[in-house]
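Visitor: Encoded as structure tokens, here's the structure I'll be asking about.
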Amino acid sequence: MSGARAAGVPLGRIGGVPVTLSWSWFVIAAVTVLLYTPVLMQAYPRLGALNYAASLGFALTLALSVLLHELAHAWTGRAFGWPPGRIVLSLLGGHTHFGDVRSTPLASAVVSLAGPAVNLALGLAGWTLLRTAEPTPTLGWVLLDLTTWANLIVGLFNVLPGLPLDGGRVVESVVWALTGQEHRGTVVAAWAGRVLAVALLAGTAATGLWRQAVALVLVVLIAAFMWQGAGASLRSARVLSRLHGVRAAALAEPALTVPDDATLAHTDRLVTTHLGARVPGTGAAVPHVVAVDPGGRPVGLLVPAAANAVPGDRRSRTPLAAVLEHLPEDAVLDGDLEGEALLRVLARTDHPRYVVTGPGGAPAGVLRSAALERLLTG
């Protein structure tokens, strides 16, 4: 089964952004119909069985509202040069995944607020229509009423100052701007999110809202989502704190560039010369060998085991290309990448070694993913 099908139902591309409806959405839709229909039966008895359609319609219109919320994130991010990867609509809302992003506090705050702004705009538009329409308990009127209040509540709830809510991203951005350290903003906003989760449960208990089955289930789900999301942000912040200010170039090990049309014997001589020129007593290790094309672009990395297996009498006839590991384009990193940007690039690829480039794109070293993992795990 493909990753897209395993994640849910692909809905195609909207505005150039792939959208997937997670399987978990069907769970919340079923819960909405089963638990909310009896509430509607009491509020609108004249609708009868149409209250089931109202519950299902509410789940669908809410999913549409969430989709517009996430599209606002994606399109606003695109305005800041963020390449949107995909949108996933899930159990308690949705999430917009971005590609390689070099963010700033301002961009992060604006992108975060774009989603709730759409919900509040939809809610205000619906509220205006409700004020001009006759309050008759028809299916259309009930759906408009439910969707209007849902958008107003979702919009206001999302601007609360704690992760993983959008308002938490604003708090994160403010602290980031004040301290110059993104991970500090994440820690503050994540703990604020945990405080909000506890406050939500406490408020439900204090007001007696827990006696209503629908409200209790929804509150518990939201509080659990907030607590877990804040926890994930705290773990991410711990990782980022180890990478703060660390550039890819600083993590790279020495590398020697060799023309890709050289022989293995010629490569041996270059390595020997390089080692002979090292500062005495430094104990410098054998450098990684990066093969470059005539334009100086890295095309491959020498595989030591393969090179060592070639007998001495054949090394002058063996081309370097015969013992190279092909270098994909996404295995070449800009040496100025640092912090979260570096981590995000490495997270979406899976290579044991990366060539780190310096000014002009010339190879400056090799970053081993194992070395980075040791740094991140302490």
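Visitor: Filtering segment 223-258 down to residues that are assigned to a loop (DSSP other than H, G, I, E, B) and modelled with pLDDT of 90 or more, which residue is least open to solvent (accessible area, probe 1.4 Å)?
Guide: Ala252
Visitor: Suppose we filter Gly16, Gly77 for residues that are on the phi > 0 side of the Ramachandran plot and out of contact with any Leu (no Cβ under 8 Å at 6 or more places or on another chain); which single one remains?
Guide: After ruling out the rest, the residue left standing is Gly16.
Visitor: All but one of (1) open to solvent by 40 Å² or more (accessible area, probe 1.4 Å); (2) among the hydroxyl-bearing types (Ser, Thr, Tyr); (3) touching a Gly at 6+ places or on another chain (Cβ under 6 Å) hold for Ser22; which doesn't?
Guide: Here Ser22 clears every test but (1).
Visitor: Here are Leu71, Leu113, Leu92: which of them is at pLDDT 90 or above and open to solvent by 20 Å² or more (accessible area, probe 1.4 Å)?
Guide: The unique qualifying residue is Leu113.
Visitor: Got at least one residue in segment 169-190 being in contact with a helix residue (DSSP H, G or I) (Cβ under 7 Å, 6 or more places away or on another chain), at pLDDT below 90 and within 30 Å of Ala364 (Cα to Cα)?
Guide: For segment 169-190, residues in contact with a helix residue (DSSP H, G or I) (Cβ under 7 Å, 6 or more places away or on another chain), at pLDDT below 90 and within 30 Å of Ala364 (Cα to Cα): present.
Visitor: Give all pairs with beta carbons closer than 9 Å in which a residue from segment 130-143 that is free of Cβ contacts under 8 Å to residues at least 60 places away in the same chain meets a residue that is open to solvent by 50 Å² or more (accessible area, probe 1.4 Å) and charged (D, E, K, R); count only pairs at least 6 apart in sequence or on separate chains.
Guide: From segment 130-143, the pairs are Trp141/Glu134.
Visitor: If a residue must be in contact with a helix residue (DSSP H, G or I) (Cβ under 9 Å, 6 or more places away or on another chain), without any contact (Cβ under 8 Å) to a residue 60 or more places away in the chain and open to solvent by 20 Å² or more (accessible area, probe 1.4 Å), how many such residues does segment 319-348 contain?
Guide: Of the residues in that region, 6 qualify.
Visitor: I'd like to verify a number: residues in segment 180-210 that are within 22 Å of Arg242 (Cβ to Cβ), β-branched (Val, Ile, Thr) and either touching a Gly at 6+ places or on another chain (Cβ under 7 Å) or open to solvent by less than 50 Å² (accessible area, probe 1.4 Å) (or both), how many?
Guide: Of the residues in segment 180-210, 1 are within 22 Å of Arg242 (Cβ to Cβ), β-branched (Val, Ile, Thr) and either touching a Gly at 6+ places or on another chain (Cβ under 7 Å) or open to solvent by less than 50 Å² (accessible area, probe 1.4 Å) (or both).
The values are calculated or read from the model by the stated rules, or taken from the named source; none is laboratory data. These figures come from a predicted structure and were not determined experimentally. Neighbour counts are summed over all protein chains in view; Cβ atoms, including those assigned to glycine, are modelled from backbone coordinates with ideal geometry. Keep in mind that these areas ignore ligands, DNA and RNA; they rest on the heavy atoms of the full protein, side chains included. Shrake-Rupley method; radii C 1.70, N 1.55, O 1.52, S 1.80 Å.
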